[in-house]
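The next block holds one structure in the form of structure tokens; read it before the comments.
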Amino acid sequence: MLRNFSTDCFTAKRVQAGILLLVLSFVSSVPALAFDFNDVAKKAKQLASTSYKEPPKNISKGLENLNYDQYRDIRYKRDSAYWRTSKLPFELTFFHQGRQFASAVKLNEITSNRARPIPFDARNFDYGKNKLSAQDLKHAGFAGFRVHYPINKASYKDEVVVFLGASYLRAVGKEQIYGLSARGLAVDTALNSGEEFPRFVEFWIERPNANSKQLTIYALLDSRRVSGAYRFVVKPGEQTITEVKSQLYLRENVTKLGIAPLTSMYFFGENQRATSDDYRPEVHDSDGLSIQSGTGEWIWRPLVNPKRLLVTSYGLSNPSGFGLMQRDEKQANYEDLEARYEARPSAWVEPIGKWGPGRVELVQIPTPDELNDNIVSYWVPDQIPKPGTPLNFDYRLSWHKGAQKLPPLSWVTQTRRGHGYLRKPDDSIALFVDFEGPIFKKLAKESKISMRVSVDGNGEILESHVIKNEATGGYRAALRVKRIDDKKPVEMRGFLQTVNTTLSETWSYILPAD
């Protein structure tokens with residue numbers, strides 16, 4: 001019996017078409033998998049399971065040999081800002097490789113649930129007065145990027161967040177200018193073995209929509225002994241909030257992990273006069289470390305510029321927060337119309353979830369000028385997992401000015417060092433600590449306020465009394481201390497009280513060795 005070949009082929013094609021429609025129908029019913037934090041975490045875990053590879057240096061000698069001013073003369077053209085033509089609320093501009101930024105950072109955009117590379121194009125940069133050839137730029141790439149969003153006026157997109165160098169980032173809120181920095185991670189800071197600087201090697205940035213008020217950025221961190229995945233949800237505004245999610249993997253054991261590190265500068269201030277003839281009363285990006293313990297105690301440590309490396313810490317369990325603060329926001333106390341230190345933000349780290357036992361560590365490094373960051377603070381967990389085991393820390397990082405995170409009762413507004421008029425000068429050290437806060441408005445007029453103060457074995461309290469500060473409505477503690485060995489520091493600690501009731505945060509001060 002002869003078969004009708006054309007009819008059989010037609011029937012077969014109909015069957016195949018039906019199967020194809022079923023397959024397409026099934027595929028269309030399955031939602032596309034979006035790029036998310038888990039994708040970066042998988043990359044970090046995979047990196048940690050392999051030997052570390054130094055990032056390749058891909059820049060020319062012409063770019064590498066640029067001096068500071070020459071490198072700063074390379075600017076991304078604002079008219080070429082990423083997403084500008086789409087008229088989105090956020091825009092991106094980019095940093096060019098050069099000088100110390102010898103290895104390129106990979107940048108990707110997440111759009112339609114897929115990640116695609118952001119291409120480098122030298123035509124989008126203005127090279128200023130630099131004379132760079134096509135060969136100099138042949139293999140160049142990105143060093144980092146800026147995020148722009150309108151926080152001061154609707155008609156202009158301000159620079160609100162920067163990722164540039166190692167794992168550094170900086171952010172500002174409304175009417176702020178850049179000051180201190182944050183980092184993804186600190187490894188073995190202030191140890192004799194030397195510090196390791198992990199690096200963000202790749203970023204994925206979610207394309208916002210027309211109504212977006214926040215921007216999500218993923219980052220892959222890598223170094224010789226640590227890899228990690230990060231998610232930053234940036235919420236610009238009066239205070240710019242950066243919500244951070246992290247998952248770390250060790251390749252090798254480390255001695256110290258610094259979580260949520262903050263880096264700042266303290267040159268001189270109220271408690272430490274300038275050593276040279278300087279017209280400015282104070283020069284610093286931050287003036288103190290603030291800590292909110294899990295038990296409700298607040299601690300304030302004024303910063304110093306020591307003559308020798310100074311590392312101190314506070315043992316805590318499940319801290320509520322810590323930060324490097326610029327409490328003094330009065331322009332008259334700085335008088336620098338260019339640096340504008342009074343407009344620089346404070347940065348506050350608020351853990352999300354329980355961080356367990358550990359310590360907030362403060363590193364203070366001698367600096368001869370204001371050009372070097374010499375202050376570092378971070379959380380050090382007591383327990384560090386074995387290589388290959390994930391370590392998770394989530395936190396909220398706020399950059400603020402004006403609406404600072406303050407204790408509920410009262411807080412230190414200034415610490416001043418130095419004697420007034422003395423009939424008989426001696427070798428004692430005088431300190432004046434001012435407190436302000438709402439608790440003082442609630443006290444009865446007859447309340448007797450004193451300062452409960454203690455000092456370590458290298459010091460002796462010669463005098464301590466508290467007086468009303470009629471100018472501020474607060475109180476001033478006046479202390480006179482004698483140091484036994486000038487080559488050693490002195491730890492001091494005190495708070496205001498009436499009878500047995502605490503009235504203030506704890507003032508925790510260190511007199512550095514001479």
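Summary table
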| item | result |
| --- | --- |
| Per-residue ³J(HN,Hα) for the stretch 273-288, Karplus 6.51 cos²θ - 1.76 cosθ + 1.60, θ = phi - 60°, Hz, x for Gly and Pro | 6, 5, 8, 10, 7, 10, 6, 8, x, 9, 9, 6, 8, 9, 10, x |
| Placed amide H near Phe268: partners under 5 Å, 5+ positions off or other chain | Val283 |
| Charge dipole magnitude, Cβ of K and R +1, D and E -1 - the stretch 313-430, Cα centre, debye nearest 20 | 460 debye |
| Residue (of Val304, Gln292, Asn318) at the positive-pole extreme of the stretch 234-318, dipole from beta-carbon charges | Asn318 |
| Degrees separating the helix 37-48 axis from the principal Cα axis of the chain, which is the longest one | 80 degrees |
| Relative contact order of the chain, defined on C-alpha pairs under 8 angstrom at six or more residues apart (%) | 11 percent |
| Relative pair counts by distance (%), Cα atoms of the chain, 20 Å bins | 19, 48, 24, 6, 2, 1, 0 |
| Estimated 222 nm signal from helices in the chain, with DSSP H stretches of n ≥ 4 weighted -39500 (n - 2.57), rounded to 500 | -2500 deg cm²/dmol |
| Whole-percent carbon and sulfur share, accessible surface of the stretch 54-176, 1.4 Å | 45 percent |
| Per-residue ³J(HN,Hα) for the stretch 463-480, Karplus 6.51 cos²θ - 1.76 cosθ + 1.60, θ = phi - 60°, Hz, x for Gly and Pro | 7, 8, 8, 10, 10, 6, 9, 5, 6, 10, x, x, 9, 10, 9, 10, 10, 10 |
| In Å², nearest 10: area of Ile177 left accessible to a 1.4 Å probe | 60 Å² |
| Per residue solvent-accessible surface (Å²) - the chain, probe of 1.4 Å | 51 Å² |
| Length-normalised contact order for the stretch 322-388 - Cα pairs under 8 Å, 6+ apart - percent | 28 percent |
| Surrounding net charge for Glu270, when Lys and Arg each add one and Asp and Glu each subtract one, Cβ distance under 11 Å | 0 |
| Nearest-ten-degree value, helix 5-29 long axis tilted from longest Cα axis of the chain | 10 degrees |
| Lys, Arg +1 and Asp, Glu -1 on Cβ, resulting dipole of the chain about Cα centre, debye, nearest 20 | 1580 debye |
| HN-Hα J in Hz across the stretch 125-136 - Karplus 6.51, -1.76, 1.60, θ = phi - 60°, x for Gly and Pro | 10, 9, 8, x, 8, 5, 9, 10, 8, 4, 5, 4 |
| With every protein chain in place, the stretch 285-393: carbon and sulfur % of accessible area (1.4 Å) | 49 percent |
| Given charges at beta-carbon only (K, R positive; D, E negative), |dipole| of the stretch 72-213 in Debye | 520 debye |
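The values are calculated or read from the model by the stated rules, or taken from the named source; none is laboratory data. Nothing here was measured: the structure is a model prediction, and the numbers come from that model. Cβ coordinates were reconstructed from backbone atoms using ideal geometry, including for glycine residues, and neighbour counts include every protein chain displayed. Ligands, DNA and RNA are excluded from the accessible area calculation, which covers all protein heavy atoms including side chains. Shrake-Rupley method; radii C 1.70, N 1.55, O 1.52, S 1.80 Å.
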